[in-house]
Amino acid sequence: MADSITLQVTRYEPGVDEAPREQSFDVPMRSEWVVLDGLNYVKDKLDGSLSYRWSCRMGICGSCGMVVNGEPVLTCSSFLVDYTPGPIRVEPLANFPIVRDLIVDIGDFMAKLPRVSPWLVRDDERPVEDGEYLQTPEELDEYKQFSMCINCMLCYSACPVYGLDPDFVGPAAIALAQRYNFDSRDEGAAQRLEALIHPDGLWACTYVGECTTACPKDVDPAGAIQRYKLTAALESLKSYILPGGA
Amino acid sequence: MADVARPDRSKASGVAGVRPEGSRWAPHDSQVEISAGVPAYRPRVSLLWWVRKPAYLLFVLRELSSLFVAWFVVVTLFFTWSVGRGEEQYERFLDLAANPLIVVVNLVALAFLLLHTVTWFNLTPQAMPLRIPRAVPGGLRGRSVPAVAVVAAQWAGFVFVSAFVMWLVVR
Amino acid sequence: MPGRSPEPFAWLAFSAGGVAAAIFAPVLLFLFGLALPLGWISPDHQQLLDVLAHPLSRLVLLGVCVAALFHFAHRFRYTLYDGLQLARFATVITAGCYGLAMLGSAAATYVLLLAL
């Protein structure tokens, strides 16, 4: 195993740089190190000005998503040894404005997420004294996969439609809508459909499928979106054939 | 922003030190916009975004198969019309279709149509998962019907229809 | 009630056409575009006419052709939006693609129902 490996890291200082540039750093090659360890080494020992997001370093917080050698990955889950002999290109997530170095502004997603009402919507809120909402294992199975989303934005980075159409709601938002649509305790399917049935909601998606490939938690947003298209189309049919609401 | 002290990178040490590199992005395709309170950089999406990754290339080829689906309709309608007009017109259709250029087009078209079929069948289990109820005995209860079974069933349908159509014409 | 956009119906037509094209298009293009012109199979003209003129053949072919045309229209429209980044011409592209599909469907109706 080589002593070191080179990281080619995007640098961008807003107001100073006209455009992002690349800077190379040689970091020690350790078999248990991930790309995030390499970045932390750079910040600790080589260049303290390098800026990037990270937190749990165990694949659950969703903070450390970046594009490594062209693929959106969690840097805490990407081992240096898998990229030998290097160099390893580390770039910020695609399709988001680059604020500084490897940090992007995900404000667009934060603005879009509430539109899908990602919470349990009830026509009637049962009082606490009535006890819990009961749910069978089968009912849990229906939505559990979609509840695994950690909002890491790798799917947005992978989605070419999101890159081309800034109004597209995007994979994670739609998958999260489905997480609640499929939850037996939820009664908000109609209101979410209203929010997503316009051309920049479900229909902009052309089923590229890269969102599912990129997802580190096996949420399968592409599958969620396609299922939603069928539901939405059938609801539209129903609303024409049965006027006055089905 | 102009007065921010730049870090003194010349003193950085490490296994092999720090090497500033040139720019990957040409400044002309920049779009600097205020985001999160700072002039953030938003690269333009290249017209050739889809050649950069094999998955994207396959996706665009799949989408382009739609052109050959339209071509298939044109061929089918022209064929049907020719047959309907009588033997002479039908012979003229056969001669035209046997032209080497047309044959090449049809070979390419057939390849793209098969690409459509393969990708369509492969995506069906993901787009329409069929859940096996927990009441059903066996190891798959509560899970989706395995993708390979859904794909195989579609191919069985394809083979059946193709064989039937061939039989109609050949008998 | 879902909003009144034609997009869901365009998608349903696209899906139906996708299934129809996936199953029927390869064998039909193989036959009409390769096997018959190149003489790998040589049924006589009357036989072909009998098969094509049968009411079931006409209906199935009409259904397949119309569905396939709307599949093409929808998919090609999005290919122009995403592949060639022409989404700013959405109105023209939409009219063009579905217009072509409708013209083709009219031609299919004529050929299959009236001219046989």
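The values are calculated or read from the model by the stated rules, or taken from the named source; none is laboratory data. Every value quoted in this text rests on a predicted model; they were computed, and no experiment measured them. Neighbour counts are summed over all protein chains in view; Cβ atoms, including those assigned to glycine, are modelled from backbone coordinates with ideal geometry.
Table for the structure above
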{"quantity": "Residues being part of a helix (DSSP H, G or I) and out of contact with any helix residue (DSSP H, G or I) (no Cβ under 7 Å at 6 or more places or on another chain) - total across region A:95-146", "calculated": "16"}
{"quantity": "Selected residue (criterion: surrounded by the most Cβ atoms within 10 Å (Cβ to Cβ)) from residues of region B:42-57 that are more than 22 Å from A:ILE106 (Cβ to Cβ) and touching a Pro at 6+ places or on another chain (Cβ under 8 Å)", "calculated": "B:TRP50"}
{"quantity": "Matching residues in region A:1-21 - criterion: being free of Cβ contacts under 8 Å to residues at least 40 places away in the same chain, in contact with a Ser or Thr (Cβ under 7 Å, 6 or more places away or on another chain) and not in a loop (DSSP other than H, G, I, E, B)", "calculated": "A:ARG21"}
{"quantity": "Enumerated helices (runs of 4 or more DSSP H) restricted to region B:72-171, each holding at least 2 residues that are touching a Gly at 6+ places or on another chain (Cβ under 9 Å)", "calculated": "B:87-98, B:100-127"}
{"quantity": "The one condition in (1) at pLDDT 95 or above; (2) touching a helix residue (DSSP H, G or I) at 6+ places or on another chain (Cβ under 7 Å) that A:ILE150 fails to fulfil", "calculated": "(2)"}
{"quantity": "Filter result (surrounded by fewer than 20 Cβ atoms within 10 Å (Cβ to Cβ) and more than 24 Å from B:LEU168 (Cβ to Cβ)) within region C:61-78", "calculated": "none"}
{"quantity": "Close pairs from region B:130-153: first surrounded by 13 or more Cβ atoms within 10 Å (Cβ to Cβ), partner among the hydroxyl-bearing types (Ser, Thr, Tyr), Cβ under 8 Å, at least 6 apart", "calculated": "B:ARG131/B:SER144; B:ILE132/B:SER144; B:VAL150/B:THR124; B:VAL151/B:THR124"}
{"quantity": "Output for region B:154-171, where each listed residue is β-branched (Val, Ile, Thr) and surrounded by 13 or more Cβ atoms within 10 Å (Cβ to Cβ)", "calculated": "B:VAL161, B:VAL165, B:VAL169"}
{"quantity": "Those residues of region A:188-222 which are under 20 Å from B:TRP50 (Cα atoms) and in a helix (DSSP H, G or I), in sequence order", "calculated": "A:GLU210, A:CYS211, A:THR212, A:THR213, A:ALA214, A:ALA222"}
{"quantity": "From the options C:LEU49, C:LEU62, residue that is part of a helix (DSSP H, G or I), under 19 Å from the mean Cα position of the chain (by Cα) and either at the interface with chain B (Cβ under 7 Å from one of its Cβ atoms) or modelled with pLDDT of 95 or more (or both)", "calculated": "C:LEU62"}
{"quantity": "Criterion: more than 25 Å from B:SER46 (Cα to Cα), surrounded by fewer than 20 Cβ atoms within 10 Å (Cβ to Cβ), more than 10 Å from chain B (Cβ to nearest Cβ) and not charged (D, E, K, R) - qualifying residue of A:VAL81, A:VAL34", "calculated": "A:VAL81"}
{"quantity": "Exclusive hit being hydroxyl-bearing (Ser, Thr, Tyr), in contact (Cβ under 8 Å) with a residue 24 or more places away in the chain and either assigned to a helix (DSSP H, G or I) or farther than 25 Å from B:ARG52 by Cβ (or both), set A:SER24, A:SER63", "calculated": "A:SER63"}
